[in-house]
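The values are calculated or read from the model by the stated rules, or taken from the named source; none is laboratory data. Predicted model only: the values in this text are computed from it and were never measured. With ideal geometry, Cβ positions are generated from the backbone for all residues, glycine too; neighbour counts draw on all protein chains shown. The accessibility values were calculated without ligands, DNA or RNA, using every heavy atom of the protein model including side chains. Shrake-Rupley method; radii C 1.70, N 1.55, O 1.52, S 1.80 Å.
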Amino acid sequence: MPIVAPSLLAANFLQLDKECQMVNESEAQWLHLDVMDGRFVPNISFGLPVISQVTKANKKISDVHLMILEPEKYAEAFRDAGADNLHVHIEACPNLHRNIEQIKMLGMKAGVAINPHTPVADLKDIIQDIDIVNLMSVNPGFGGQKFIAHTIKKIQELRKMIDGQNLTVKIVIDGGVTVDNAASILRAGADVLVVGSTVFSSPDPKETIRKLINTKYA
Ligand code: DX5
Ligand code: ZN
């Protein structure tokens with residue numbers, strides 16, 4: 001069964017406590033937290049003060065997706081704020097291996113996020129060092145965008161790369177995931193579905209999470 005990670009970006013920020021309780025009561029295993037700096041991506045979301053409060057309320061794994069330049073300056077602060085998984089963007093890290101070592105040394109799971117235009121092959125010399133790949137299925141910066149269909153081919157290619165080396169790296173798909181496209185994403189080889197608007201805009205978010213986790217895709 002897939003891991004489902006509701007993305008707090010789509011939550012009602014006036015009711016974060018309630019939204020966290022909903023996720024706690026749901027079958028979701030991770031909570032996805034999107035950090036944007038207005039430089040790496042053309043939007044600004046929330047940062048350390050919000051995340052350190054949210055992780056106190058959250059009982060699930062805190063999956064922090066940094067869409068920021070120079071993430072090495074903040075890795076320790078996000079660890080202190082309660083991050084369990086920390087994703088940095090390959091496009092933002094000229095010394096990616098150093099970023100990965102730093103994240104692991106701080107005791108977090110290390111994730112590498114790649115944009116829709118970045119080839120899966122660019123992960124070839126880092127895949128054995130990381131815990132998670134966050135494969136972006138939309139251009140990062142905003143929730144509620146349409147899933148980019150070409151991502152399916154990238155998932156298949158990444159699955160081959162991981163299985164070919166007997167690695168346990170998890171494939172996270174982030175952006176535009178719906179109840180309708182979840183099966184094809186999972187069939188292609190994804191392990192984790194990040195789901196923002198599909199969960200938080202649905203009339204019954206817990207039921208939507210349950211449906212996603214129970215997606216039939218054999
Ligand atoms: C986009 C973020 C995503 C976003 C997904 O930059 O990385 O995590 O919250 O939202 P939906 O599911 O609405 O596409
Ligand atoms: Zn994200």
Does LEU69 satisfy the condition of being on the phi < 0 side of the Ramachandran plot and open to solvent by 50 Å² or more (accessible area, probe 1.4 Å)? yes
Among the listed residues ILE103, ILE68, ILE51, identify the single one that is within 25 Å of THR151 (Cα to Cα) and touching a residue at least 24 places away in the same chain (Cβ under 8 Å). ILE68
Just the residues that are under 21 Å from ASP191 (Cα atoms) and small (Gly, Ala, Ser), please, taken from the range 99-115. ALA110, GLY111, ALA113
Would you please list the contacts, defined by Cβ atoms under 9 Å and residues six or more apart or on different chains, that run from a residue in the range 9-22 that is farther than 19 Å from GLN145 by Cβ and of a type in the set (Asp, Glu) to a residue that is open to solvent by less than 60 Å² (accessible area, probe 1.4 Å) and part of a loop (DSSP other than H, G, I, E, B)? GLU19/ALA11
Residue in the range 36-56 that is assigned to a loop (DSSP other than H, G, I, E, B), in contact with a helix residue (DSSP H, G or I) (Cβ under 8 Å, 6 or more places away or on another chain) and closer than 28 Å to ARG187 by Cβ present: no
Note: among LYS170, LYS146, LYS206, LYS216, just one is closer than 25 Å to LEU14 by Cβ, among the basic types (Lys, Arg) and open to solvent by 30 Å² or more (accessible area, probe 1.4 Å), namely LYS206
If we keep only residues of the range 173-196 that are surrounded by 19 or more Cβ atoms within 10 Å (Cβ to Cβ) and among the small types (Gly, Ala, Ser), then the residue farthest from THR151 (Cα to Cα) is GLY196
Here are the criteria: (1) among the charged types (D, E, K, R); (2) open to solvent by less than 70 Å² (accessible area, probe 1.4 Å); (3) touching a residue at least 40 places away in the same chain (Cβ under 8 Å). Tell me which single one GLU25 does not satisfy. (2)
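Looking only at the range 93-107, count every residue that is of a type in the set (A, V, I, L, M) and open to solvent by 10 Å² or more (accessible area, probe 1.4 Å) and tell me the total. Working first, answer last.
Looking only at the range 93-107, we keep the residues that are of a type in the set (A, V, I, L, M), and these are 96, 100, 103, 105-106.
Those still in the list that are open to solvent by 10 Å² or more (accessible area, probe 1.4 Å) too: 96, 105-106.
So the answer is 3.
When you check ASP80 against the structure, is it away from ligand 2 (no atom under 16 Å from the Cβ), in contact (Cβ under 8 Å) with a residue 12 or more places away in the chain and more than 12 Å from VAL133 (Cα to Cα), yes or no?
On the way: away from ligand 2 (no atom under 16 Å from the Cβ): yes; in contact (Cβ under 8 Å) with a residue 12 or more places away in the chain: yes; more than 12 Å from VAL133 (Cα to Cα): yes.
Here the answer is yes, as ASP80 does meet what is asked.
Is it the case that some residue within the range 36-49 is within 17 Å of LEU212 (Cα to Cα) and at pLDDT 95 or above?
Of the residues in the range 36-49, the ones within 17 Å of LEU212 (Cα to Cα) are none.
Among the residues of the range 36-49, not one is within 17 Å of LEU212 (Cα to Cα) and at pLDDT 95 or above, which makes the answer no.
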